[in-house]
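S.K.: After the structure tokens below, expect a handful of questions from me.
A short reminder: the numbers here are calculations on the coordinates, not readings from a lab. These numbers were taken from a predicted model, which means no experiment stands behind them. Cβ: placed from backbone, ideal geometry, glycine included. Neighbour counts: every protein chain shown.
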Amino acid sequence: MRGGAAREFAVTLAGGNVRAYTALKVVFQMEMMIGEDPGPLPAGNGFVLERRDPSSGVWRPVELRVANDVQPHFLFSGGAPLAREAMRTERFRIRAGAEGPIGSLPLMIRVVDTTAPPSAPAEQGVPARTSLAVAARRA
């Protein structure tokens, strides 16, 4: 619901038994929503996405890319290492702000290896992907 409470979710990264990763980053994207009113849409389709900082417990803003194409893995930077056979869970929350279009879309979630070369195959540059259904409606 627009202006309602945030919905929390977790992304668990599980390193396989083949290799360690030096920099994995969880990235988010959704397609553009069609607004009821003419004019520009609010940033992030009016959604607010945050990540919980595990050391302080504080929720911090996370980039939510809104586009109808997919950003290549080699344009991302940052991320954190994940050792072979290790696991890490990152907590996020998303909420529909008071302003913005109504409707539902998938929130695309990708785990990007930011150290993979531009020529890397898709499976190497983005070793995991999933989506989460999100909706915004009026009260």
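S.K.: As an exercise, take the mean of 1/r over every pair of distinct alpha carbons in the chain, invert it, and state the Kirkwood radius in angstroms.
M.R.: Kirkwood hydrodynamic radius for the chain: 16.1 Å.
S.K.: OK, next. Could you give the nm distance between label points at Thr12 and Glu31, where each point is 7 Å from its Cα heading toward the beta carbon?
M.R.: 3.1
S.K.: Val126's amide H: which non-local residues (gap 5+, or another chain) put their own amide H closer than 5 Å, with H modeled 1.01 Å from N in plane and none for Pro or chain starts?
M.R.: So Val126 has HN proximity to Asp113.
S.K.: Distance in nm between label sites at Glu123 and Asp53, each 7 Å beyond Cα in the beta-carbon direction?
M.R.: Going by the 7 Å Cα→Cβ label model, 3.8 nm.
S.K.: Using amide H atoms built in the peptide plane, which far-off residues or other-chain residues are under 5 Å from Val62 H to H?
M.R.: Correct list: Leu49, Glu50, Arg51.
S.K.: Residues with amide H under 5 Å of Arg7's amide H, sequence separation 5 or more or different chain, H placed in the peptide plane at 1.01 Å from N; which?
M.R.: Under 5 Å from the amide H of Arg7 lie the amide H atoms of Ile94, Arg95, each far enough along the sequence or on another chain.
S.K.: For Leu82, what charge total do you get from the other residues with a beta carbon under 14 Å from its beta carbon, if Lys and Arg give +1 and Asp and Glu give -1?
M.R.: Result for the neighbourhood of Leu82: +1.
S.K.: Using a simple spin-label model with points 7 Å from Cα along the Cα→Cβ vector, what separation in nm is obtained for Arg60 and Leu41?
M.R.: Result: 2.7 nm between the two label points.
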